[in-house]
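Have a look at the structure below before the remarks.
The values are calculated or read from the model by the stated rules, or taken from the named source; none is laboratory data. The model shown is predicted, which means the values in this text are computed figures rather than measured ones. Cβ: placed from backbone, ideal geometry, glycine included. Neighbour counts: every protein chain shown.
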Amino acid sequence: MKKKLQILIDKNIFLKILNQKDVSKNYVNWLNDYEVTKFTEQKNCKHTFKSVKSFVKEKYISDNDYLFGIYFNNMHIGNIKLGPILWNHKSAEVSYFIGEKEYWGKGIASICLKALIDFSINTLLLEKINAGYYDLNIGSARVFEKCGFIKEGEKKNNIIFEGKRINLILVGYFKK
């Protein structure tokens, strides 16, 4: 089921489980673009075609992770990941990024996250979705708020960002 899984969002947007064939030069370039990854820990890594393929393969075969590509008009523009899933606690982490900058600020991350929450709750029968974001990441704050996530905590001065200490905001979505 997982290997061919797609979630249709609207006539232009869908999520598809990624496999190694989906790793492209653009995908690797996104991960090496500071502007794309600056609010993620990916900014600290040098990504190669080989390392990205290895990561995608690891998630593809995992029973505890769902790595989806975000597709707009059949073009891979970003990713959204559910996992690791803690099946015994019916909970999981979620993370996402839009790699194609021309699609930033268009609400795509929000509708994809809403669709993934629906899939998580109604298909996988999870009850809790957790996430975290850098407090300077206003875009992610808006996405999580739009999707019904509630601030659950804050790790003060937890992250060094561009030479300054900033907070990590912890948010959660609980099945209603």
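The table that follows gives values for the structure above.
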read-out	value
Of residues in the range 71-96 being in contact (Cβ under 8 Å) with a residue 24 or more places away in the chain and among the polar types (S, T, N, Q), the one farthest from residue 107 (Cα to Cα)	91
Residues of the range 1-53 that turn out to be among the aromatic types (Phe, Trp, Tyr), modelled with pLDDT under 95 and in contact with a Phe, Trp or Tyr (Cβ under 7 Å, 6 or more places away or on another chain), as a count	1
Boolean, residue 11 is part of a loop (DSSP other than H, G, I, E, B), loosely packed, with under 14 Cβ neighbours inside 10 Å and either touching a Cys at 6+ places or on another chain (Cβ under 7 Å) or basic (Lys, Arg) (or both)	yes
The range 128-149 - residue that is part of a helix (DSSP H, G or I) and in contact with a strand residue (DSSP E or B) (Cβ under 6 Å, 6 or more places away or on another chain) and, of those, nearest to residue 82 (Cα to Cα)	144
Filter pass, residue 68 being of a type outside the set (Gly, Ala, Ser), in a strand (DSSP E or B), buried (at least 18 other Cβ atoms within 10 Å of the Cβ) and in contact (Cβ under 8 Å) with a residue 60 or more places away in the chain	yes
Some residue of the range 150-169 being of a type in the set (Val, Ile, Thr) and either assigned to a helix (DSSP H, G or I) or within 24 Å of residue 28 (Cβ to Cβ) (or both)	no
